[in-house]
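Student: Below is the structure I would like to discuss, written out as structure tokens.
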Amino acid sequence: MAKILIVEDEVKIARFVELELKYEGYEVEIANDGRTGLDMALHSGVDLVLLDIMLPGLSGIEVCRRVRMESEIPIIMLTAKDDVTDKVAGLDMGADDYMTKPFAIEELLARIRVALNRHAKHSAESEAPKKDELSFGKLCLKLGRHSAYFGEEELSLTKKEYELLEYLLKNKNIAVTREQLLNNVWGYEYFGDTNVVDVYIRYLRQKIDDRFGVHVISTVRGVGYIIKDEK
Ligand code: CA
């Protein structure tokens, strides 16, 4: 099981997250200040870092920047308030995701799974030759051409619809949150309402599910969306 480092000076929060992660089966390490966190992130063999921004010693942003100089380990930033500047700074420094405190533990767990999975896949991809197609049943995306087919028929998708579908397919079997979809498909500059994601999911369902009588995109209540192989 993956080993997760929590860098957080608020002992209560660190303890709470530690218990939840251990309950899920993760190994957990804790650092209560930035310098210790940086050292542990680089040298204690952890698989993912949960990184608070307001830290004594070295800020989370600075820790993130320094970790990225040496390592591609997934980093999820924890911001105390809904501070857009902090989020952007963290993402600019190479963080994979962020969560605003107080957060729902379920959502944090979902994001941890996505980040770990994406990292594992990315590592595997850099060794294997890149695939130029993604498919799910009769649905097939030709990545080089940015086009989607159902069987022989080409679907008429807008650019955003295509990108949304591609992102979901690349993360097949992983529940993806609306915020992740916004960040990855619409870009970090988009700070609007996550409703736009639901609207585009509806367009895709009309163009694929309704049209061909299939079920491609599932809703995961309280989390977001998933394209899932039949068990
Ligand atoms: Ca703090």
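Student: Out of 33, 86, which single residue is touching a Ser or Thr at 6+ places or on another chain (Cβ under 8 Å) and within 16 Å of the ligand (Cβ to nearest atom)?
Tutor: 86
Student: In this structure, is residue 46 among the hydrophobic types (A, V, I, L, M, F, W, C), open to solvent by 10 Å² or more (accessible area, probe 1.4 Å), away from the ligand (no atom under 16 Å from the Cβ) and over 24 Å from residue 29 (Cβ atoms)?
Tutor: Judged against the criteria, residue 46 is not a match.
Student: While we're here: Within the bounds of region 50-65, is there any residue that is more than 15 Å from the ligand (Cβ to nearest atom) and modelled with pLDDT of 95 or more?
Tutor: no
Student: Further, regarding this structure: Look through region 14-27, keep the residues that are away from the ligand (no atom under 16 Å from the Cβ) and surrounded by fewer than 18 Cβ atoms within 10 Å (Cβ to Cβ), and return whichever of them is nearest to residue 108 (Cα to Cα).
Tutor: Looking at the filtered set, the residue picked out is 20.
Student: Consider residue 186 against the criteria (1) loosely packed, with under 12 Cβ neighbours inside 10 Å; (2) of a type outside the set (A, V, I, L, M); (3) modelled with pLDDT under 90: it satisfies all of them except one. Which criterion is unmet?
Tutor: Against the list (1) loosely packed, with under 12 Cβ neighbours inside 10 Å; (2) of a type outside the set (A, V, I, L, M); (3) modelled with pLDDT under 90, residue 186 comes up short only on (1).
Student: Mind telling me which of the residues 49, 67, 28 ends up being within 19 Å of the chain's Cα centre (by Cα) and assigned to a strand (DSSP E or B)?
Tutor: Selected residue: 49, the only one of 49, 67, 28 that is within 19 Å of the chain's Cα centre (by Cα) and assigned to a strand (DSSP E or B).
Residues are listed down the side, and each one gets a yes or a no for (1) open to solvent by 40 Å² or more (accessible area, probe 1.4 Å); (2) outside any strand (DSSP E or B); (3) at pLDDT 90 or above:
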{"position": "88", "(1), (2), (3)": "yes, yes, no"}
{"position": "94", "(1), (2), (3)": "no, yes, no"}
{"position": "110", "(1), (2), (3)": "no, yes, yes"}
{"position": "122", "(1), (2), (3)": "yes, yes, no"}
{"position": "149", "(1), (2), (3)": "no, no, yes"}
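The values are calculated or read from the model by the stated rules, or taken from the named source; none is laboratory data. Predicted model, so just to flag it, every value in this text is computed and none were measured. When we count neighbours, we look across all protein chains shown, and the Cβ atoms used for this are built from the backbone with ideal geometry, even at glycine. Quick note on the areas: whole protein, heavy atoms, side chains included, nothing else; ligands and nucleic acids left out. Shrake-Rupley method; radii C 1.70, N 1.55, O 1.52, S 1.80 Å.
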